[in-house]
Amino acid sequence: MATKGKFKVELKSGVDGAQFQADDKHIELTSDNPTFETDDPALYAGLSQLPFLKGSAAPTSEKAGG
Amino acid sequence: MAVTPGNTRVIYGAVQSAKGTPATAPTHKFSLNSDGAGNPGREIITLPETDATMQRPDNTVVGSSPVLEWSNWVRGSEFAFLAKGIQGANADAGTFTHTATPVQTLPYYTFWDVVPGSQCTRFDDCRFSSLAVSGEALAGIAYTVSIVGLSATLGVTEPIVPAAQATDQKFSYPMVTVTIGGVAPGTFDAFSLTINRNVTVLRGDLGLASYDSVAGIYAVEGTARKIYTGDADFRKFHGGSAAATTLTTAIFSETFSLQVAASATNKVVFTSSSVEYTETTVPVNVDGAPILSELAFSTKRQPVWANNLTIVTTNSLATADTSPT
């Protein structure tokens, strides 16, 4: 089930996939599932610094993946 | 009973989907190039107490610290897995470039320490604690990895996949190019680079398992042995520039890149926006041998953490976790 949250990161153009840890879970983003959402501002701050992800702090809709 | 040869030991590994959920099938099967492997790590001490007979107290188990540590030769097919483990995050692009960048929260892994046909110990909820690479002229490029787990299980069923270890080319020193300050001087005769996550285990009250682990200070340190061709490094270290004549309080730093490339599609590149030199030594060789200077450095804190150190592995595998075999 997709994770919902106030903060969203997604794969940048040209990146085929990415993996990182969010709390206790291993997250894998792919072209079919390119976004991840969280309510954790510290996690978002870290993820949005990654060179292969772009972030937005705006509330997101049900289209988000995770 | 059959005697077991000593060169059969292997380590299997796979990333976990979540903490507390051990992987069921490994993706990687690592060979070792020296002593090493896993240790359930029961902590055994003596608890002193008075005794009229003056005998030493019995031993007591007070906890466990499961660890794995092994060394082997760097291969392009395996290094993306190791780089992601120590850095924490990875991105895959093209055919096939894997960029590992540092993040605070490290993935959990399951590892199996196996003496084939005899012994198999599984280590759960493991995190990479340190990864070092080193090489010198006329030698291979080796890595040493140190991993801490939260629990160990003895006598588990031995994995059957991957059936074989990676067999692609082992990297060696002729594949190395070190570039500092944008220039590759060709004088680097040896190097070492260590990424340390300073992982701390939080033990709690879960018996001989631990509650969790957490990464601490991210520290990257290295050494280099350079063919001595002049006093530039010495003056940069003490004075801040190759032409300096006065000492400075500044720490000299410059960009750093270490590439180990078998080919354009099979390579590992370590890149830092800035390394700071912490030591330089110009030794005396009374036997008349040429001078090889010794340098020590660490990466410099960056506003964007990824610029501290990025590891880019190019190989023929779709992701960092894809099995090499």
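Do you know which of the residues in the range A:18-52 that are buried (at least 17 other Cβ atoms within 10 Å of the Cβ) and in a loop (DSSP other than H, G, I, E, B) is farthest from the other protein chains (Cβ to nearest Cβ)?
A:34
Quickly run through the range B:107-164 and pick out the residues that are free of Cβ contacts under 8 Å to residues at least 60 places away in the same chain and not in a loop (DSSP other than H, G, I, E, B).
Initially, the range B:107-164 is screened for residues free of Cβ contacts under 8 Å to residues at least 60 places away in the same chain, giving B:119-120, B:134, B:137-139, B:153, B:155-158, B:160.
Passing the criteria: B:119, B:120, B:134, B:153.
Report the residue count in the range B:201-239 for those that are closer than 23 Å to residue B:283 by Cβ and either touching a helix residue (DSSP H, G or I) at 6+ places or on another chain (Cβ under 7 Å) or not aliphatic (A, V, I, L, M) (or both).
Start the filter on the range B:201-239 by keeping residues that are closer than 23 Å to residue B:283 by Cβ, which leaves B:221-239.
The next check asks that each one be either touching a helix residue (DSSP H, G or I) at 6+ places or on another chain (Cβ under 7 Å) or not aliphatic (A, V, I, L, M) (or both); those that pass are B:221-223, B:225-226, B:228-231, B:233-239.
Qualifying residue count, the range B:201-239: 16.
A quick yes/no check of all residues on (1) hydrophobic (A, V, I, L, M, F, W, C); (2) touching a residue at least 40 places away in the same chain (Cβ under 8 Å); (3) more than 25 Å from residue A:51 (Cα to Cα):
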{"position": "B:250", "(1), (2), (3)": "yes, no, yes"}
{"position": "B:253", "(1), (2), (3)": "no, yes, no"}
{"position": "B:268", "(1), (2), (3)": "yes, yes, no"}
{"position": "B:298", "(1), (2), (3)": "no, yes, no"}
{"position": "B:312", "(1), (2), (3)": "yes, yes, no"}
{"position": "B:324", "(1), (2), (3)": "no, yes, yes"}
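On the basis of being within 14 Å of chain A (Cβ to nearest Cβ), surrounded by 16 or more Cβ atoms within 10 Å (Cβ to Cβ) and in a strand (DSSP E or B), does residue B:293 make the cut? Outline the logic, then answer.
Working: within 14 Å of chain A (Cβ to nearest Cβ): no; surrounded by 16 or more Cβ atoms within 10 Å (Cβ to Cβ): yes; in a strand (DSSP E or B): yes.
No, not satisfied.
For the range B:195-211, which residues satisfy the criterion of being closer than 25 Å to residue B:306 by Cβ and either in a strand (DSSP E or B) or hydrophobic (A, V, I, L, M, F, W, C) (or both)? Steps first, answer last, please.
So the first thing to find is which residues in the range B:195-211 are closer than 25 Å to residue B:306 by Cβ, and the list is B:195-200.
Residues satisfying the conditions are B:195, B:196, B:199, B:200.
Pull up the range B:166-219, narrow it to residues that are among the charged types (D, E, K, R) and within 21 Å of residue B:314 (Cβ to Cβ), then point me to the one that is surrounded by the fewest Cβ atoms within 10 Å (Cβ to Cβ).
By that ranking, first place goes to B:168.
Go through the range B:86-112 and report how many residues are surrounded by fewer than 24 Cβ atoms within 10 Å (Cβ to Cβ), more than 27 Å from residue B:151 (Cα to Cα) and either more than 7 Å from every other protein chain (Cβ to nearest Cβ) or in contact with a Leu (Cβ under 8 Å, 6 or more places away or on another chain) (or both).
Qualifying residue count for the region: 4.
If I ask for residues that are under 14 Å from residue B:165 (Cα atoms) and exposed (fewer than 14 other Cβ atoms within 10 Å of the Cβ), which ones from the range B:3-20 would you list?
B:7, B:8
Considering B:176, B:199, B:133, B:115, which residue is of a type in the set (Val, Ile, Thr) and either more than 22 Å from the chain's Cα centre (by Cα) or at pLDDT below 95 (or both)? Break it down stepwise before answering.
Details: B:176 fails: either more than 22 Å from the chain's Cα centre (by Cα) or at pLDDT below 95 (or both); B:199 fails: either more than 22 Å from the chain's Cα centre (by Cα) or at pLDDT below 95 (or both); B:133 fails: either more than 22 Å from the chain's Cα centre (by Cα) or at pLDDT below 95 (or both).
Just a single option satisfies the conditions, and that option is B:115.
The values are calculated or read from the model by the stated rules, or taken from the named source; none is laboratory data. For clarity, every value in this text was computed on a predicted model and none was experimentally measured. Neighbour counts run over all protein chains shown; Cβ positions are idealised from the backbone, glycine included.
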